[in-house]
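Engineer: Pasting a structure here, questions to come.
The values are calculated or read from the model by the stated rules, or taken from the named source; none is laboratory data. All values reported here derive from a predicted model rather than from experimental measurement. No Cβ is skipped: glycine too gets one built from the backbone with ideal geometry, and neighbour counts run over all protein chains shown. Quick note on the areas: whole protein, heavy atoms, side chains included, nothing else; ligands and nucleic acids left out. Shrake-Rupley method; radii C 1.70, N 1.55, O 1.52, S 1.80 Å.
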Amino acid sequence: MTTVACPDCDGTTFRLDPCRCTRYGNRLLADGGNDDGPACGAGGHREPYRACGLCRGTGTVAVACHRCGRRGRRRAQLVLTVANLDTGAVASHEIVPDDLDPRPCPAGGWAVELTPRVRELAAEAGVAAGVDSLTVRLPAAWRPDLPAAERHDLAARALAEAARPAWRVLVGRSAAPPPVDPMRRLARLCGVADLLLLDLVVEARRHGGGLRWSLRYEVPGSPVPDGPPESCFADLTAGLAGTDVADALAGLGERGRDAPARMLSPDPLRPLIPATTDVAEFARRVRADCTASGAQAVWRDGRWWHTALRCGEPVETLVEQPTGQVVRRTRVPLRRAAEPPDPPWLGEPVPWRSCPDCRPARPSALTCTTCGGTRRVHLAALITLTDLRHRVVHLTWRVGTPEAVPAVSVRPGGRAVVRLPGRYRLGAWAAVFGVRPEDLAEADGGHDLPPDVREGYVALPWAGADPVGEQVRAVGPALPAARLLVTAVRPDPPPLAELLRLALGLDLALVVNVLDLRRHPAAPMRAHGVLWSVELRPPAAPVHHDDLPCRASLETAVAHCLDGLDVALPETVPEDPGVAVPVPRSDARPLPPDPVPGLRRLAGQHAGRPLSVRFSRAGCAVYRHDDDGPLLLVEGDDLPAALAALRLA
């Protein structure tokens, strides 16, 4: 296995970087983002701050090199893999320094184009998917007339730099998904905005001489975000193709943190009129509204409102740095040139009180857990449950509402646990939408609801405390405009057997963690039912004591695993750069037997104890988590053999 000295740390495992204080020079009060002041020294950095709390005035700090994992060496190997979820076929190609075929670049220098190789692998695995461009640029010193040893060393350095990550995996299916119809996608986004009583914001913002487009949901009254969104696109059509309802909802809580909270008064008889928008003409209108900052179109109350974006009054803040310096930063917020009128379903303001835990005279760098940094504690929570199609329920929980609540248990310390009536039990509303209580999730991010919120259990901090007020406090300290949006949609991920086949084809281990809590009703505030988690790991990775399930359903666990493959798969690469990355290959194979019935039977036999079941090409291993850590119960060629050894076949 060819390795090279890490070019970031020259093999020393650490780097000497300029200290943060050199960005501002030798002064206590500095202007952030302003280049005036003392002349910059070498490398564009100023004189260090003599009283710096980080570098003690030397101007440099030693930092661990994370590019090489503090090993000083990097692997000169790149493995390209394409896997087919429908058939289990896996095709891979290993690239090493002697395998490169450099070609001259139009802009000068030499490079290796790897995109055709990825397309060949996709064809071999039968995957119909778009392939991103992949190019390895060689150092400027590389020339074809150099001695072979020098060419090899330079190619190894280039490959080590490009191998981040060292294993690049494209997982796809035999048939490409149908293309997104921009007009239908826009109509769908508008319909959900009307259903949830939200704004759909289409924004075009100036960036680098061009426009970057984004789409998102907002609570009415939310300010224009300071920076550009994380996901932005070159044109509106691409933005619609890359933004579904879940994408548009992501980050709603952060965007609506400073939005005014107002009661909701929807008209149940008001029809939802489908939006019919010509996308090309719509984009032209938004572009025409653009100023030097950009423009927005806001879908509110069944129609579009167009407005330009303009710069507001500068806002100056003082920020203390770890160096001991204080930096004065000037932020120029954006604002809409014209605000759309309030929709008719917005009512009076939600009452609130000042946060009792915030100390304006002693600000903290940490966000207050009581109010989420808003310094307001709302005295009501506005709950919206929806199937994201046509059904929606709006609930209002008001602090101080008298309710008859029976006591169900007593927690350690003498705190009584009570249960609120049905309208406060979100799990009870699941049947209205035809889903299970464990299918309810927060719309922003898809997180499971806490079991106490889902089932209406409240622990009273003292005798006579307000149970509804405690429930309002439990749903979250920083809801956007006091609103909690809950989706009632049953996940529809691939079966677990499909993920198991993928793991075996990639020569990885599939670890399923399961915990059956159905026989433990004595602790109503704790999770109950059957909890799951699913992960892909290296085949020889040990089971850890903290491998515990946390998902309320197997479907959400599988969906979470698939959504994180782009991060999880590169993390399975061996940490030691001297160990080669495996090059998996597999022919198409049928689905293995469904492991779920056996896993449920196994979890039921060990109710109350977390189990970890590891599937790999070597077989199946079952672990039980005891107080002393994971205990190996049995190993077998497969799950049926393991169950037979435990007399659970």
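Engineer: Could you run the Debye sum over the Cα atoms of the range 188-230, one equal point scatterer each and no solvent, and tell me log10 of I(q)/I(0) at q = 0.28, 0.31, 0.32 Å⁻¹, two decimals?
Structural biologist: -1.02, -1.12, -1.16
Engineer: Let me ask another. Determine the dipole magnitude for the chain: charges of +1 sit on the beta-carbon of Lys and Arg, -1 on that of Asp and Glu, nothing else is charged, the reference point is the Cα centre, and the result goes in debye to the nearest 20. Intermediate results must be reported in sequence, preceding the final value.
Structural biologist: On the way: 78 positive and 76 negative charges, 293 e Å.
My answer is approximately 1400 debye.
Engineer: Using alpha carbons only, how many angstrom separate the centre of the range 391-430 from the centre of the range 624-639?
Structural biologist: Going from one Cα centre to the other spans 39 Å.
Engineer: Charges on Cβ only, +1 for Lys and Arg, -1 for Asp and Glu, centred on the Cα centroid of the chain; of 512, 144, 221, which one is farthest towards the dipole's positive end?
Structural biologist: Of 512, 144, 221, it is 221.
Engineer: Could you give me the ³J(HN,Hα) list for the range 323-335, computed from phi with Karplus coefficients 6.51, -1.76, 1.60 and θ = phi - 60°, whole Hz, x at Gly and Pro?
Structural biologist: Result, ordered by residue: 6, x, 7, 10, 10, 8, 10, 10, 10, 10, x, 9, 9 Hz.
Engineer: How big, in percent, is the set of alpha carbon pairs in the range 186-338 lying more than 23 Å apart?
Structural biologist: Looking at the range 186-338, the distances longer than 23 Å represent 41 percent of pairs.
Engineer: Loop-only trypsin sites (Lys or Arg not before Pro) in the range 568-649, please: DSSP not H, G, I, E or B, and at most 11 other Cβ atoms within 10 Å.
Structural biologist: Sites meeting the loop and neighbour criteria: 647.
Engineer: Residues of the chain: accessible area per residue at 1.4 Å, in Å²?
Structural biologist: I get 50 Å² per residue for the chain.
Engineer: Step by step: find N for the range 459-601, compute 2.2 N^0.38 Å, then divide the Cα radius of gyration by it. What's the final number?
Structural biologist: The value comes to 1.39.
Engineer: Expressed as a whole number of Å, what is the distance separating the alpha-carbon centroids of the range 299-317 and the range 439-485?
Structural biologist: 32
Engineer: May I ask you to evaluate 6.51 cos²θ - 1.76 cosθ + 1.60, the Karplus curve with θ = phi - 60°, for each residue of the range 639-645 and list the ³J(HN,Hα) values in order in whole Hz, giving x for glycine and proline?
Structural biologist: With coefficients 6.51, -1.76 and 1.60, one gets 5, x, 5, 5, 5, 5, 5 Hz.
Engineer: For the range 438-517, treating each Cα as an identical point scatterer without solvent, what Debye log10 I(q)/I(0) comes out at q = 0.19, 0.20 1/Å?
Structural biologist: -0.95, -1.00
Engineer: Taking a 1.4 Å probe, which of 550, 68 shows the most accessible area, and what order do the others take after it?
Structural biologist: Reading off the accessible areas and sorting them downward yields 550, 68.
Engineer: Express the C-alpha Rg of the chain as a ratio against the empirical globular expectation 2.2 N^0.38 Å, rounded to two decimals.
Structural biologist: 1.11
Engineer: Further question on the same structure: Where nothing but the Cβ of Lys and Arg (+1) and of Asp and Glu (-1) is charged, how large is the charge dipole of the range 40-133 around its Cα centre, in debye to the nearest 20?
Structural biologist: On the way: 12 positive and 10 negative charges, 201 e Å.
For the range 40-133, the charge dipole is close to 960 debye.
Engineer: With viscosity set to 1.306 mPa s and temperature to 10 °C, compute the Stokes-Einstein D of the range 45-164, Rh being the Kirkwood radius across alpha carbon pairs; µm²/s, no decimals.
Structural biologist: 91
Engineer: Determine the share of the chain's accessible area contributed by carbon and sulfur atoms, expressed in whole percent, with a 1.4 angstrom probe.
Structural biologist: Heavy-atom surface of the chain belonging to carbon and sulfur, 1.4 Å probe: 52 percent.
Engineer: Once phi is turned into ³J(HN,Hα) by the Karplus curve 6.51 cos²θ - 1.76 cosθ + 1.60 with θ = phi - 60°, what whole-Hz value does each residue of the range 339-348 show in order, with x for glycine and proline?
Structural biologist: 8, x, x, 4, x, x, 8, 8, x, 6
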